[in-house]
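One structure below.
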Protein chains: 2
Amino acid sequence: MSEIEQSLKPLFDEINNLKPKFIERLTKAVAIPSVSGDESLRPKVVEMAHFLVSELKELGADDVRLRDLGIQPPPVTTPDLKLPPIVLAKFGSDPAKKTVLIYGHYDVQPALKEDGWATDPFTLVEVDNKLYGRGSTDDKGPVIGWLNSLEAHKKLGLDLPVNLVCCFEGMEESGSLGLDDLIAEEAEGYFKGVDTVCISDNYWLGTKKPVLTYGLRGCNYYQISVKGPGADLHSGIFGGVIHEPMTDLIKVMGELVDVNGNILIPGVNEMVAPVTEKEKALYDAIEFDVDELNAASGSSTAIYQDTKDILMHRWRYPSLSLHGIEGAFYGGGAKTVIPAKVIGKFSIRTVPDMDSKKLDKYVFDYINGKFAELKSKNTLVVELIHDGNYWVSDPFNDSFTAAAKATKLVWNVDPDFTREGGSIPITLTFEEQLKTNVLLLPMGRGDDGAHSINEKLDIPNYIEGVKTLSAYLHFYGRS
Amino acid sequence: MSEIEQSLKPLFDEINNLKPKFIERLTKAVAIPSVSGDESLRPKVVEMAHFLVSELKELGADDVRLRDLGIQPPPVTTPDLKLPPIVLAKFGSDPAKKTVLIYGHYDVQPALKEDGWATDPFTLVEVDNKLYGRGSTDDKGPVIGWLNSLEAHKKLGLDLPVNLVCCFEGMEESGSLGLDDLIAEEAEGYFKGVDTVCISDNYWLGTKKPVLTYGLRGCNYYQISVKGPGADLHSGIFGGVIHEPMTDLIKVMGELVDVNGNILIPGVNEMVAPVTEKEKALYDAIEFDVDELNAASGSSTAIYQDTKDILMHRWRYPSLSLHGIEGAFYGGGAKTVIPAKVIGKFSIRTVPDMDSKKLDKYVFDYINGKFAELKSKNTLVVELIHDGNYWVSDPFNDSFTAAAKATKLVWNVDPDFTREGGSIPITLTFEEQLKTNVLLLPMGRGDDGAHSINEKLDIPNYIEGVKTLSAYLHFYGRS
């Protein structure tokens with residue numbers, strides 16, 4: 001056992017001891033329904049920020065700040081709706097130490113019991129060694145995980161091996177509004193001297209082996225609005241005599257992607273970087289197969305059976321998903337309505353070397369062209385709602401190396417080096433604005449159900465995760 | 001002026017006098033949100049039934065009954081949900097008089113202020129000589145209209161010219177569950193001796209000229225459920241690697257109808273009765289043009305410009321409308337979800353000589369075939385949710401003739417003889433079970449917005465409508 005490994009033993013023991021306290025802290029965090037996408041819950045998002053501030057102060061943070069981001073830009077329903085603040089805090093400012101910025105988000109996806117949750121989404125419930133609740137894994141578990149690590153250090157009177165800068169935001173699930181500007185503003189201010197950024201806001205590939213993540217897909221989210229009648233109409237009276245917006249929208253949405261996930265918009269696939277032999281080889285070591293995908297999706301609906309095909313289509317090829325329709329009938333039972341205005345929602349996951357602006361143009365031209373072919377008297381408008389670029393890093397730099405050592409020590413296995421299908425747009429902003437590298441160090445598993453019902457975090461992932469985050473700081477501090 | 005016209009003058013004067021009272025009665029009725037499609041509002045539907053009972057008793061009704069219809073059959077969310085009762089009442093039982101059964105419904109479509117209503121949907125508001133509120137025209141206005149006529153007779157001490165049997169139901173907007181059985185049961189019981197049935201639950205064709213309606217389209221309502229993953233998934237993690245239910249559903253829904261309203265399901269159009277020369281001639285007298293259609297739809301989205309084309313496609317050709325999708329994202333903004341199970345809703349308006357069972361088979365075979373072509377690993381189930389047959393009557397029988405005279409007297413114009421695009425399935429049941437004819441005598445205008453936001457009833461239609469209903473009873477009583 002190396003000296004560093006020896007020195008971490010008491011810390012790991014303390015983390016084990018504090019397990020009940022850690023679960024209690026996460027319980028308190030999950031109990032605050034900080035849904036950033038629901039304007040009526042905005043006060044709860046703010047309450048969550050204050051909860052973090054109070055915890056950080058108790059753990060001895062310096063220079064804690066609640067950074068106001070002003071009014072949320074349109075479209076909003078609530079007039080003068082304030083954005084949730086960014087929580088900033090520092091631990092240490094020793095010029096002899098390296099400085100790590102840790103980022104996480106304290107807002108969550110919407111969740112209603114009636115969506116199909118087995119338990120109340122905002123009550124953390126332990127079942128079979130798993131903690132169920134909205135935000136348990138995305139991203140309150142990891143954020144609270146950092147606080148837990150700080151508490152263990154404090155309890156032991158153990159100095160942090162690095163200076164720590166915390167940056168926790170409350171709008172990640174709603175486009176991270178305001179964060180880009182803040183990072184730009186503070187690059188030479190609050191964030192000056194940061195050597196690396198560590199983000200814990202993604203997942204293991206499967207359920208058994210830890211990973212470090214060096215790439216993310218981007219996401220361009222679009223909406224297609226089709227408008228016709230002045231108000232919703234009765235299908236008995238108007239069916240057959242007017243152009244129905246739903247018919248037009250469904251036709252256009254049906255032309256975007258085939259059932260095997262191939263994007264049908266000309267120009268899109270041509271922008272994708274070709275696979276090199278070197279890149280192909282990276283996929284050889286990864287432990288994953290179609291059974292894990294099926295277990296995670298809870299079905300046998302995999303398009304590809306081969307591991308490389310699956311991973312490449314998740315990580316390095318674009319995808320297009322149809323999310324839903326705003327304005328149409330969405331309830332149970334039967335309603336004989338002709339909706340007056342319907343808004344189809346879809347997004348494209350982007351990869352190197354797709355150009356976001358070119359993609360928008362291809363999407364707009366294609367959809368406008370398809371709609372023109374229909375010769376409908378309704379009107380169609382297609383818009384980009386938000387976009388975030390893809391990101392790819394060097395998986396062999398100091399930060400990744402420290403994280404690999406930490407993972408090996410805690411989990412007794414070398415991590416897989418993976419990419420992710422999802423996007424964390426802020427990754428790119430940190431890299432560009434702070435001119436430093438970024439590491440993605442996930443805590444939860446691939447079947448955690450982020451953004452879904454019955455979101456969970458396995459207790460081993462939570463507790464060993466706190467050890468991994470802690471060990472990462474120690475290895476990085478000495479690198 | 002004929003003797004009967006002379007005798008109606010005091011009645012019409014009394015109706016004019018009672019106008020404030022009539023508006024107050026409708027206000028009370030609209031204030032009860034008797035939405036039959038919302039299980040949580042079922043107590044309000046029952047409250048509405050009790051309101052009618054109390055009014056009927058005050059007006060001197062005999063043998064008032066609240067007929068229990070038992071438990072609502074599946075699918076329901078609320079266990080042991082009781083169906084709303086049928087309100088039955090009689091006025092008179094003179095064997096020398098004819099007996100008219102009047103039918104209406106006291107339940108309404110769902111309505112939320114946030115759907116876009118200018119005013120609270122359950123507060124009757126008078127603006128520009130129109131009464132706005134959910135149910136004002138569909139169908140509380142006409143139901144309360146009958147009560148108003150009874151009140152005017154009572155105030156004058158005027159004998160009713162016929163025996164009246166009232167049958168008011170509370171599930172019309174939700175498939176009239178239980179009513180068919182009740183009519184069958186009471187055909188030789190409570191309803192014995194009924195000579196004709198008068199239903200006031202439809203609308204003028206346009207906004208200027210009263211109509212009598214001798215035909216209705218039927219409606220077969222279907223749902224297509226596509227199921228894949230075990231729960232909703234994150235499109236970043238699963239986009240591109242699994243078959244997405246939304247993609248499959250949108251493809252299949254896109255194959256049902258073209259943007260010009262032509263049904264694409266083989267066999268359907270072939271069942272439609274050909275247009276005869278005699279039938280064509282019926283359309284010549286009707287006052288209607290595309291401008292009225294556009295005014296009613298609040299848009300210029302008419303597929304046809306010619307009056308006959310419009311009316312035939314509304315009345316005597318089938319139509320197919322896509323209503324919406326249950327289970328997909330339906331909110332504002334962006335949610336990066338892959339819905340696990342989505343249920344597409346659509347309905348087909350049916351006409352002579354379509355066979356409902358054959359139609360179901362054509363629909364099921366076509367959709368299952370289209371889905372099989374997709375070769376998706378998701379599963380699809382297509383089902384009929386409910387159906388109601390079309391109806392066509394003889395527009396020259398005694399009942400229609402009495403209604404035509406009443407209309408001429410009140411409105412000073414001969415009514416158009418029209419059909420309707422919508423369905424009132426119970427029309428057919430009354431005709432078949434009571435072995436009598438049925439008259440549709442509308443009160444509201446074509447732009448009333450039944451089933452839509454800002455539903456209204458023009459005050460002239462309400463007040464002259466009460467006169468028309470009253471005069472109809474007098475002319476029919478002497479026929």
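Structure above, values below:
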| quantity | calculated |
| --- | --- |
| At R0 = 22 Å, FRET efficiency that the Cβ-Cβ distance of B:K208 and B:A118 yields, to 0.05 | 0.40 |
| Members of A:K361/B:K341; B:K44/B:K251; B:K90/B:K155; A:K341/B:K227; B:K209/B:K280; A:K335/A:K375 lying beyond 29 Å, as alpha-carbon distances in this model show | A:K361/B:K341; B:K44/B:K251 |
| Across the identical copies, how the A:G70 labels are spaced - nm, sorted shortest first, 7 Å along Cα→Cβ | 6.6 |
| Low-density loop cleavage sites - trypsin sites (Lys or Arg not before Pro) in the range A:431-478, where at most 10 other Cβ are within 10 Å (DSSP) | A:K435 |
| Kyte-Doolittle at least -1.0, axis length at least 20 Å by Cα - qualifying DSSP helices, chain A | A:3-17, A:42-58, A:140-156, A:356-374, A:459-477 |
| Gyration tensor verdict on the range A:9-160 (Cα atoms; rounded if a/c is under 1.5, prolate if a/b is larger than b/c, oblate otherwise) | oblate |
| Measure of compaction for chain A (Cα Rg per 2.2 N^0.38 Å) | 1.02 |
| Histogram of C-alpha separations across the protein assembly as shown, 10 Å bin width, % | 2, 11, 19, 19, 15, 12, 10, 7, 4, 1, 0, 0 |
| Relative contact order of chain B, pairs being alpha-carbon contacts under 8 Å that are 6 or more residues apart, as % | 24 percent |
| Measure of compaction for the range B:273-337 (Cα Rg per 2.2 N^0.38 Å) | 1.68 |
| Area projected by the alpha carbon convex hull of the range B:238-283, averaged over all directions, nm² | 5.1 nm² |
| Residues of type lysines that B:K357 reaches as a straight line, Cα spacing below 21 Å, ignoring anything fewer than 8 places off in the same chain | B:K345, B:K370 |
| Copy-to-copy label separations for B:P274, where each label sits 7 Å from Cα toward Cβ, in nm and ascending | 6.3 |
| Order of B:H50, A:H105, B:H386 under a 10 Å beta carbon neighbour criterion, fewest first | B:H50, B:H386, A:H105 |
| Cut-off 10 Å between beta-carbons: net charge of the residues surrounding A:Y190, Lys and Arg +1, Asp and Glu -1 | 0 |
| Shielding by partners, peptide B:32-45 (average Cβ within 10 angstrom, other chains) | 1 |
| For the range A:217-274 and the range A:99-155, distance of Cα centres in Å | 36 Å |
| Rounded if a/c under 1.5, otherwise prolate or oblate - the range B:123-230, Cα gyration tensor axes | oblate |
| Peptide B:374-380, shielding by other chains (average Cβ, 10 Å cutoff) | 3 |
| Those GluC sites (Glu not before Pro) in the range B:272-331 that DSSP places in a loop and that have at most 13 other beta carbons within 10 Å | B:E287 |
| Residue exposure sequence - A:S479, B:S34 - by fewest surrounding Cβ within 10 Å | A:S479, B:S34 |
| Convex hull volume of the range A:304-359 per residue (C-alpha atoms, cubic angstrom) | 123 Å³ |
| Cβ-Cβ FRET estimate between A:D309 and B:E47, R0 fixed at 41 Å, reported to 0.05 | 0.10 |
| The range B:132-188 shape via C-alpha gyration tensor axes, a/c threshold 1.5 | oblate |
| Mean-position separation - Cα centroids, the range A:20-40 and the range A:364-410, in angstrom | 28 Å |
| Sites A:D68 and A:D353, calculated FRET efficiency, Cβ-Cβ separation with R0 51 Å, nearest 0.05 | 0.85 |
| Share, in percent, of DSSP beta bridges within chain B that are antiparallel, nearest 5 | 70 percent |
| Helix-only mean residue ellipticity at 222 nm for the protein assembly as shown, each DSSP H run of n ≥ 4 adding -39500 (n - 2.57), per residue, nearest 500 | -10500 deg cm²/dmol |
| Least to most buried among B:L434, A:L69 (fewest other Cβ within 10 Å first) | A:L69, B:L434 |
| Principal axis dimensions, the range B:239-395 - Cα atoms, whole angstrom, descending | 60, 37, 23 |
| Farthest positive-ward along the range A:282-357 dipole, Cα basis, beta-carbon charges - from A:P339, A:G324, A:H313 | A:P339 |
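Only the coordinates and a few stated rules stand behind these numbers; no lab work does. On a predicted model such as this, the values are computed, not experimentally measured, just so you know. Methodologically, a virtual Cβ is constructed for each residue, glycine included, from the backbone with ideal geometry; neighbour enumeration extends over all protein chains shown.
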